[in-house]
Amino acid sequence: MNFLAHLYFADATPESRIGNLMGDYVKGRLAVDWQPSLRDGVVLHRQIDAFTDSHPIVLRSAARLSARRRRFAGIILDICYDHYLCIHWTRFCDQPLDHFIDDCYRQLRDYQGYLPESMQRPLKLMIEQDWLSAYAEVDSIPMVLDRVAGRLSQPQRMLGAGDEFSQQYQLFEQDFLDFFLQLQRFVSSIKS
């Protein structure tokens, strides 16, 4: 899952939200002197990613992509699934999406001191360019995917992934809806 989903599953504390975003930027063992909720956020992020990456529905989504782009399926699906989370937000959360995003941005701004250096620039851009809201716009997903591809060592293999997203929009959407309910149950089980 991508940024929005990790923030959704985080506890509503700044440390948990930052920890859940840090999961992609912090590798290896976690520092023992971190606040427990920050550590728990990183651990939750890693558990969500492990569950997601091996789930049969997500693997089915990945198989929908052309062989050329399948190597980047995790990146592509993370962004596409965040899009579907945006457009189906009211099914999963009582708080309006724009209020949720504003709360997250405010907390993330206030707690930037926790961030590893590798995460500071992406987080700054996320807030300035309002990436989380942009996921809601179907027309922005191909642009987001191409922008991400541009940061890869072999961008040409991922460029144009938005076309596959658009062509199979409803199939990916159904995969997301089937999967997200199972992910919610999984997260509930590990948090209880």
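Odds and ends about this structure:
- Where a residue in segment 170-192 is closer than 10 Å to TYR81 by Cβ and assigned to a helix (DSSP H, G or I) and its partner, wherever it lies, is polar (S, T, N, Q) and open to solvent by less than 70 Å² (accessible area, probe 1.4 Å), with Cβ under 8 Å and at least six apart: PHE172/SER61; ASP175/SER61; PHE176/SER61; PHE179/THR52; PHE179/SER61; LEU183/THR52
- Residue among LEU108, LEU77, LEU85, LEU152 that alone is out of contact with any Leu (no Cβ under 7 Å at 6 or more places or on another chain), crowded, with 18+ Cβ neighbours inside 10 Å and among the aliphatic types (A, V, I, L, M): LEU77
- Considering segment 36-48, the residues that are in contact (Cβ under 8 Å) with a residue 60 or more places away in the chain and open to solvent by 10 Å² or more (accessible area, probe 1.4 Å) include one that is nearest to ASP103 (Cα to Cα), namely LEU44.
- Of all residues making up segment 123-153, the number that are in contact (Cβ under 8 Å) with a residue 24 or more places away in the chain and in a helix (DSSP H, G or I): 11
- Of all the listed residues (GLU128, GLU137, GLU117), the sole one being open to solvent by 30 Å² or more (accessible area, probe 1.4 Å) and modelled with pLDDT under 90 is GLU117.
The values are calculated or read from the model by the stated rules, or taken from the named source; none is laboratory data. Quick caveat: nothing in here was measured; it's all calculated off a predicted structure. As a convention, Cβ positions derive from the backbone with ideal geometry for all residues, glycine included, and neighbour counts pool all protein chains shown. Only protein heavy atoms, including side chains, enter the accessible area calculation; ligands, DNA and RNA are left aside. Shrake-Rupley method; radii C 1.70, N 1.55, O 1.52, S 1.80 Å.
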